[in-house]
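For reference, the structure discussed in these notes is given below.
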Amino acid sequence: MSTNFKELVIACDPETVFECLSSDYDDDRIRAYAEVIDKLLDLEPIKSEYIICLQEVESEDEFYTEVFGVKNSCDLKWSLSMMKWSEWLGMKIHETSQAIYTKDQIICHCLWEMTFYGFDEKTIEDTKNDILRDDEDFNIEGYEE
């Protein structure tokens, strides 16, 4: 069964999510993440054409979990880091990702991605606008691997 991100946030165990953030990202900004979770619980999801995917990436010097979006059966990976949080909430979670990761791990990695540019939507939107204004060649579209 395909679950959307809002359903996972409602069912999450914040302490487990914070433990994941601390161990996987060495990030102990618990209060900031708790405030984001509270904001997400108050927002209404907007239906999205994107599906959230998680994938382990391993290179010579690092190992991490990549979070990206896909549309239908398209091979493009779409960055979700600057998406509106209400759209994140309406995104379905890819069934393979649900089979590999626990709900709290999915939330952990998605929180890391969605707060990469800030812990509130205004900061993220301002950063997005700065990038678009300063770099006319910047492509906010998807990327292929």
| query | Given the conditions (1) assigned to a loop (DSSP other than H, G, I, E, B); (2) at pLDDT 95 or above; (3) over 24 Å from ASP28 (Cα atoms), and given that SER73 satisfies all but one, which numbered condition is not satisfied? | reply | (2)
| query | Considering the stretch 41-73 alone, what residues qualify as being of a type outside the set (Lys, Arg), out of contact with any helix residue (DSSP H, G or I) (no Cβ under 7 Å at 6 or more places or on another chain) and either within 12 Å of CYS110 (Cβ to Cβ) or surrounded by 12 or more Cβ atoms within 10 Å (Cβ to Cβ) (or both)? | reply | GLU49, TYR50, ILE51, GLN55, TYR64, GLU66, PHE68, GLY69, VAL70
| task | Please name all residue pairs, on different chains or six or more residues apart, with Cβ atoms under 8 Å, provided the first residue is in the stretch 46-66 and is touching a residue at least 60 places away in the same chain (Cβ under 8 Å) and the second residue is of a type outside the set (Phe, Trp, Tyr) and surrounded by 10 or more Cβ atoms within 10 Å (Cβ to Cβ). | result | none
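This table checks each residue for (1) at pLDDT below 95; (2) not in a helix (DSSP H, G or I); (3) not polar (S, T, N, Q).
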{"site": "ASP28", "(1), (2), (3)": "yes, yes, yes"}
{"site": "ASP38", "(1), (2), (3)": "no, no, yes"}
{"site": "GLU44", "(1), (2), (3)": "no, yes, yes"}
{"site": "VAL57", "(1), (2), (3)": "yes, yes, yes"}
{"site": "ASP61", "(1), (2), (3)": "yes, yes, yes"}
{"site": "TRP88", "(1), (2), (3)": "no, no, yes"}
{"site": "THR96", "(1), (2), (3)": "yes, no, no"}
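The values are calculated or read from the model by the stated rules, or taken from the named source; none is laboratory data. Computed from a predicted model, the values in this text were never measured in an experiment. As a convention, Cβ positions derive from the backbone with ideal geometry for all residues, glycine included, and neighbour counts pool all protein chains shown.
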